[in-house]
1. Of all residues in the stretch 1-27 being hydroxyl-bearing (S, T, Y) and more than 9 Å from the ligand (Cβ to nearest atom), which is surrounded by the most Cβ atoms within 10 Å (Cβ to Cβ)?
2. When you scan the stretch 40-102 for strands (runs of 3 or more DSSP E) that lie fully inside it, which ones turn up with 2 or more residues that are within 10 Å of the ligand (Cβ to nearest atom) and surrounded by 14 or more Cβ atoms within 10 Å (Cβ to Cβ)?
3. Filter the stretch 272-301 for residues that are closer than 21 Å to L311 by Cβ and β-branched (V, I, T); which is surrounded by the fewest Cβ atoms within 10 Å (Cβ to Cβ)?
4. Being touching a helix residue (DSSP H, G or I) at 6+ places or on another chain (Cβ under 7 Å), more than 16 Å from the ligand (Cβ to nearest atom) and either farther than 14 Å from I313 by Cα or touching a residue at least 12 places away in the same chain (Cβ under 8 Å) (or both) is the requirement here; does V30 meet it?
5. Identify the residue in the stretch 199-217 that is assigned to a loop (DSSP other than H, G, I, E, B) and of a type in the set (S, T, N, Q) and, among all such residues, is surrounded by the fewest Cβ atoms within 10 Å (Cβ to Cβ).
6. Sort through S155, S118 and tell me the only one that's surrounded by 20 or more Cβ atoms within 10 Å (Cβ to Cβ) and either more than 22 Å from I190 (Cβ to Cβ) or assigned by TED's automatic domain parsing to the domain that holds E209 (or both).
7. Is one or more of the residues making up the stretch 249-259 within 14 Å of the ligand (Cβ to nearest atom) and at pLDDT 95 or above?
8. Spot the failing condition for R238; the list is (1) buried (at least 18 other Cβ atoms within 10 Å of the Cβ); (2) within 17 Å of the chain's Cα centre (by Cα); (3) in a loop (DSSP other than H, G, I, E, B), and only one is missed.
Amino acid sequence: MSGSKVAVVGATGAVGETILRVLEERAFPVDRLGAFASRDRAAAVRFRGQAHDVEATSYDRLAPYDVVLFAGGDDASKDLGRRLAEAGKLVSDNSSTYRMELDVPLVVPDVNPHALGSARLAPVANCSTIQLVLALKPLRDAAGLRTVRVASYQSVSGAGRPALERLEAEERALHGVALASDATPFPSAIARNVIPQIGSFDDAGNSTEEKKIVEETRKILELPTLHVAATTVRVPVRYAHSEAIFVETERDTSVEELSRAIAAQPGVKLVTEGIVTPRDVEGQDMVYVGRLRAEEGSRRHFQLWVVGDNLRIGAATTAVRLAELMLVRRAEHAA
Ligand SMILES: NC(=O)c1ccc[n+]([C@@H]2O[C@H](COP(=O)([O-])OP(=O)(O)OC[C@H]3O[C@@H](n4cnc5c(N)ncnc54)[C@H](OP(=O)(O)O)[C@@H]3O)[C@@H](O)[C@H]2O)c1
């Protein structure tokens, strides 16, 4: 691949910083890097050993770039993402702005790369959805899916850098260091607690995070009527989300058959001995599936435990892989 001018929006945030690291690690062809956030700052981020200034985000400032990776929240991409793609730029976006738009594909590279087509706008799915569909795809292919129920145990970094700082402050407060502020991104205390609310509730009592998981899972797995139910919970873990998943398959199957399917799924590692925890997978791009078992000898009902790093596979690595795929598709088209 020849080099590109690459912009990262939200470069000072938890996901943006991880995107910079993943671009380096994967030797993404960057000729020129632009770092953007909500305001100008000198030498605020590092890329390939060098400090880079951060600029306030605007269309005119992003227009010279070939590839734009948004990790700045809904506000950052909603007016700019589609406009840049229509101007010929390749855009990936970690926000939820475009995920459910009918004319925009929602792709997880190891699940449904065919759906990307020649799109220039590629939203990154919700972090909990990404690890869920990576685990479900081999089950869908092996035995079909009738129902999916999931309870999540989501890390604090999933709510960004201010959330990590809040957890640290509350942990210090437990040891007598007074909290500097009451301001918190959480609806309740997070240290030594679990919070069964991520986002706001609708009239039926479902949270925005739960609705994202339901809708995005159906779209990515191309199962528009799949029964999906989710309860999402924030836990005082720094990095990596965990999920307890309960599935009903369409056809009779077995732990052995499903294990073979999971073991063959790219991007997924099957754990058959012992357990896997969020601390085990920090900094990794693989999603780990463990504790696969049948419910009381059932041939249709199974349970599994899935863990993945929300900042890597749940955000930055998927964003960079989508940009790589779009560059490949563009080169194929031009050839
Ligand atoms: N954290 C995760 O695990 C995760 C996973 C999947 C998707 N996401 C999504 O990724 C995005 C970033 O999340 P994060 O966790 O990295 O949040 P974060 O740590 O709070 O960082 C937010 C970043 O966005 C920048 N920003 C805020 N408003 C902006 C605007 N209007 N224009 C340009 N930049 C703006 C901030 O810049 P300043 O420094 O100038 O404020 C900062 O660089 C969000 O859409 C989030 O929902 C996060």
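The values are calculated or read from the model by the stated rules, or taken from the named source; none is laboratory data. This structure is a prediction, so every number in the text was calculated from the model and none was measured. When we count neighbours, we look across all protein chains shown, and the Cβ atoms used for this are built from the backbone with ideal geometry, even at glycine.
1. Looking only at the stretch 1-27, we keep the residues that are hydroxyl-bearing (S, T, Y), and these are 2, 4, 12, 18.
Narrowing further to those that are more than 9 Å from the ligand (Cβ to nearest atom): 2, 4.
Details: S2: 7, S4: 19.
If we take residues in the stretch 1-27 being hydroxyl-bearing (S, T, Y) and more than 9 Å from the ligand (Cβ to nearest atom), then S4 is surrounded by the most Cβ atoms within 10 Å (Cβ to Cβ).
2. 41-47, 50-56
3. The selected residue is T277.
4. Yes, satisfied.
5. Narrowing the stretch 199-217 to residues assigned to a loop (DSSP other than H, G, I, E, B): 199-200, 202-206.
Imposing the further condition that a residue be of a type in the set (S, T, N, Q) reduces the set to 200, 206.
Working: S200: 10, N206: 18.
If we take residues in the stretch 199-217 being assigned to a loop (DSSP other than H, G, I, E, B) and of a type in the set (S, T, N, Q), then S200 is surrounded by the fewest Cβ atoms within 10 Å (Cβ to Cβ).
6. Details: S118 fails: surrounded by 20 or more Cβ atoms within 10 Å (Cβ to Cβ).
Every option except S155 fails the conditions.
7. Within the stretch 249-259, the subset within 14 Å of the ligand (Cβ to nearest atom) is none.
For the stretch 249-259, residues within 14 Å of the ligand (Cβ to nearest atom) and at pLDDT 95 or above: absent.
8. So R238 meets the others, but not (1).
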